[in-house]
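Engineer: Dropping a structure here in structure tokens format, bear with me for questions.
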Amino acid sequence: MVVAVSKSKAEQLELWAAARAGDRDAADLLARSVAPWLRQKAGRYARAYSLDADDVEAAGWSRFPASVKSFRPELGWSFLNYFASGAARKMLEHCRQEAARPRSVGADVLLDSQPERPDVPAESSKAAATFAGMDPLSREVVRLVTGMDGRAVDFPEAARRLGITERRCRAVYIVAAGAVRSAVLNAA
């Protein structure tokens, strides 16, 4: 975890100049000065896309070296604003790529329809009951995206098959997957 330090626009400019010249301590201080913004923005994106905040933050940090190299102070931007534009774009790109990738919510757990079996963990029974209680659209979205009936498909394909928008398909999946996760976590 990066410990934050507060730096003014002028101080950031001085740190940037030293960092660009190869001063590692200045680069470290410059990174610490943008860390609070990055951590906050990564948390927002992570919540919006149901992803791990550390992974989203790492995507943002990947823009830091390029920002140090390409920053042009003569344009009047602060380093934070310049870095923020590239880092936000990179984090959003990461979130969209991760959200488009089908993830399993435990298809093997959802297919178990015998909650009274003693050899089946309680989490499995809760998840199966939650899945069985979903509306037909939610069940079908989960089946398609997780590949419960064979091969998993991405959100655009699932939406096309179901005759709904991709946005609606994602929303239904997020709610359904959240319900199953909640059931599994509450059973444990």
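Engineer: Could you pull out the residue among Asp135, Asp54 that is under 27 Å from the mean Cα position of the chain (by Cα), exposed (fewer than 14 other Cβ atoms within 10 Å of the Cβ) and either within 18 Å of Ala171 (Cα to Cα) or at pLDDT below 75 (or both)?
Structural biologist: Exactly one of Asp135, Asp54 is under 27 Å from the mean Cα position of the chain (by Cα), exposed (fewer than 14 other Cβ atoms within 10 Å of the Cβ) and either within 18 Å of Ala171 (Cα to Cα) or at pLDDT below 75 (or both), namely Asp135.
Engineer: When segment 36-81 is examined, which residues are found to be under 14 Å from Glu98 (Cα atoms) and not in a helix (DSSP H, G or I)?
Structural biologist: Ser50, Leu51, Asp52
Engineer: Being surrounded by fewer than 14 Cβ atoms within 10 Å (Cβ to Cβ) and either in contact with a Cys (Cβ under 6 Å, 6 or more places away or on another chain) or part of a loop (DSSP other than H, G, I, E, B) (or both) is the filter here, so list the residues in segment 148-166 that pass it.
Structural biologist: Matches in segment 148-166: Asp149, Gly150, Arg151, Gly163, Thr165.
Engineer: Pick out the one residue from Gly150, Gly133 that is more than 25 Å from Gln97 (Cβ to Cβ) and of a type outside the set (A, V, I, L, M).
Structural biologist: Going through Gly150, Gly133 in turn, the sole match is Gly133.
The values are calculated or read from the model by the stated rules, or taken from the named source; none is laboratory data. On a predicted model such as this, the values are computed, not experimentally measured, just so you know. Methodologically, a virtual Cβ is constructed for each residue, glycine included, from the backbone with ideal geometry; neighbour enumeration extends over all protein chains shown.
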